[in-house]
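Following: one structure in C-alpha cells, then a few remarks.
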Amino acid sequence: MTAPMKLARVLLGIAITLALLLVLLVLLLWVKPPELLRVGANYSAKIVCSNVFLAGRDPDEVLRVDVQAPGVALLRLMRVSVDRERRVVRADFLGFIGDGLAVARPANGCAAVPDGNLDFAAHIAAADASAAADASANANASADADADADGVWPLGDTVTTTTTLDRLLADDALAGPGMRAIVVVDHGRLVAERYGAGFSATTPLLGWSMTKSVVAGLVGILVKEGRLTLDQSAGWPAAGSGGRERIRISDLLAMSSGLRFNEAYGEVSDVTRMLYLRPDMAGFARAQPLEHPVGEFWSYSSGTANILSRIVQDAAGALGAAYPREKLFKPLGMTSATMESDEDGTLVGSSYMYATARDWAKYAQFLLQEGVWRGQEILPRGYVAMMASPVAASGGQYGHGLVWLWGSDAITPGQNPDVAFGIPADTYWMEGHDGQTIAIIPSRALVIVRLGLTPARAHYQPQPLVKAVLDAVPR
C-alpha cells in the first residue's frame, strides 16, 4: 500500500470517528439535554405561549422579536411549534433538543411544564377554571356599575391627550429602544400615550418583576380582610427549619428573609431554575436555606415573591388563584390583567402578569390614591405608605412592600439616579426585567408607565422621560 493510500485510510478513519462522536453527542443531548438548554427551551415555549394565547400575537414574530432578537446566542437556534387546538407550545434547540413545553390554561394564562406532565397541568387548569367560574357567579355588581359609569378613563376608554405631551412621547431617545407602550396619568386622567409598531392600547404586555408590587397589594387586601397580618409567621414549622421559622410576612415583603437565592440571569441560577425547571416554584423557593439572619440583610429575590404568592392563595380560601381577579382586577376595572400560575397552580407573583399599559396604569394610580378606588378603601390605611418606606438594609433603594424607591439602574453603584435627574424624593417605582418601569409620584399626582423589550445592555434609563414629563405638566 502506497503512502498516499495509507494517509487516505487514516483520514477516513478519523472522519468516521468524528462523525460517530458527533452522532453520539447529539444523541446524548437529545436523551438528556443539559439544564441550560432546557432553561432556554422552556423559556422560549413559555414566552411564545403567553404572547400567542394572551396577547394574540403571531408566534413566528414572538420567536424572532421577543426570544431571539435580544441577543442570547443559544435562543437564536430555538425552534417553536404551536398546537392551537390543544393550546400547547413546544420549543427545542435545533428543533429536537431541550423538550421545552408550555400550556395555555383558561383561568390563569400559560405555564411552563418542565416535567412534561401535560395531564397534571390540565387537571390543575380544570380546578382553576372551576374556581374562577364559582367566583364569577358569586361576584358583586361592581362590574355592572362600571358598565354604566362615565366613559372617561379609568372608568372607560375615552382619553384626552395633549399636543405637548404627544410631541414629547414621540421623542425616540426619551422613549428608549424597544419601547412598546408609554402612558401618562396626571391627577387621575390619562393625558398622553404612545405605542410601538404592532402594539396598541388593547395589547396585554408582560410586566416581569412589576408583578411583585401587585403581590404586595394582594397581601394588603388580605390584611384588610383580617386573613393575614404582617407580623405573622410565613409558615415554616417550628422544628427542623434551621431558623426559617422566624421569617415573617413583613420580612418577605421587605426582601429581608435571609433565604439564599441567586437572582442572576443569563445562566442556570436559582431564578432561572425556579422559573423554567421546577413545576412548583414556591416549593423550590421555600426549600432554600438561610444564608443571613432573618430581617437583617436585604437581597432581591424572585423566590421571595413566589413564597408570598402561595401564602396569598392559601389565605384566599376557596378563591385560590382567582383571588387577584376577583379582589383586585375586577374592582379596578383591569379587564386585561392576568397573573399566570406555574404548573402546580401557584401564581407566579415574581414575574408573570400580563396587562395592557392602561391597566398597569390603573394599578399604579390605585397605589397613588393610597389603596382607595372610587371611594372604596381596598387597602388598609397607611399600607401604601408602608410599602414605600425604605428598608434600611437596602441602602434606601427598596421599600417594605416590593417597590423600588429609586430607579434601580443607577448611574454609578450606590448613587440614586432620581436625585441626579431632579425627580421628586417621594417617587417610587415598579420595575421589571427588560425595561418595564412605572414611576409613581405622589407630590405631583403623576403616574408614568413605560413598557418594552429593552435589554440592560441598551443602558436605557427612564429618568430622562420622567423628568421631561414633570417639566411639561403644570404643577
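Computed quantities for the displayed model
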quantity	calculated
Qualifying residue in the stretch 347-357 (condition: assigned to a helix (DSSP H, G or I) and either touching a Pro at 6+ places or on another chain (Cβ under 6 Å) or in the same structural domain as A216 (by TED's automatic domain parsing) (or both))	yes
Those strands (runs of 3 or more DSSP E) lying entirely in the stretch 42-133 with at least 2 residues at pLDDT below 95	97-105
Residue list for the stretch 201-243, restricted to those being among the charged types (D, E, K, R) and either part of a loop (DSSP other than H, G, I, E, B) or touching a helix residue (DSSP H, G or I) at 6+ places or on another chain (Cβ under 7 Å) (or both)	K212, E225, R227, D231
Answer from S336, S341, S299 - the residue that is touching a residue at least 12 places away in the same chain (Cβ under 8 Å), under 22 Å from H400 (Cα atoms) and of a type outside the set (D, E, K, R)	S299
A364 out of contact with any Phe, Trp or Tyr (no Cβ under 8 Å at 6 or more places or on another chain), part of a helix (DSSP H, G or I), surrounded by fewer than 18 Cβ atoms within 10 Å (Cβ to Cβ) and hydrophobic (A, V, I, L, M, F, W, C)	no
Number of positions in the stretch 184-203 that are surrounded by fewer than 24 Cβ atoms within 10 Å (Cβ to Cβ) and either farther than 15 Å from G452 by Cα or touching a residue at least 24 places away in the same chain (Cβ under 8 Å) (or both)	13
Some residue of the stretch 432-446 being farther than 19 Å from E193 by Cβ and touching a His at 6+ places or on another chain (Cβ under 8 Å)	no
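The values are calculated or read from the model by the stated rules, or taken from the named source; none is laboratory data. Bear in mind that the values here come from a model prediction, so they are computed numbers and not experimental data. As a convention, Cβ positions derive from the backbone with ideal geometry for all residues, glycine included, and neighbour counts pool all protein chains shown.
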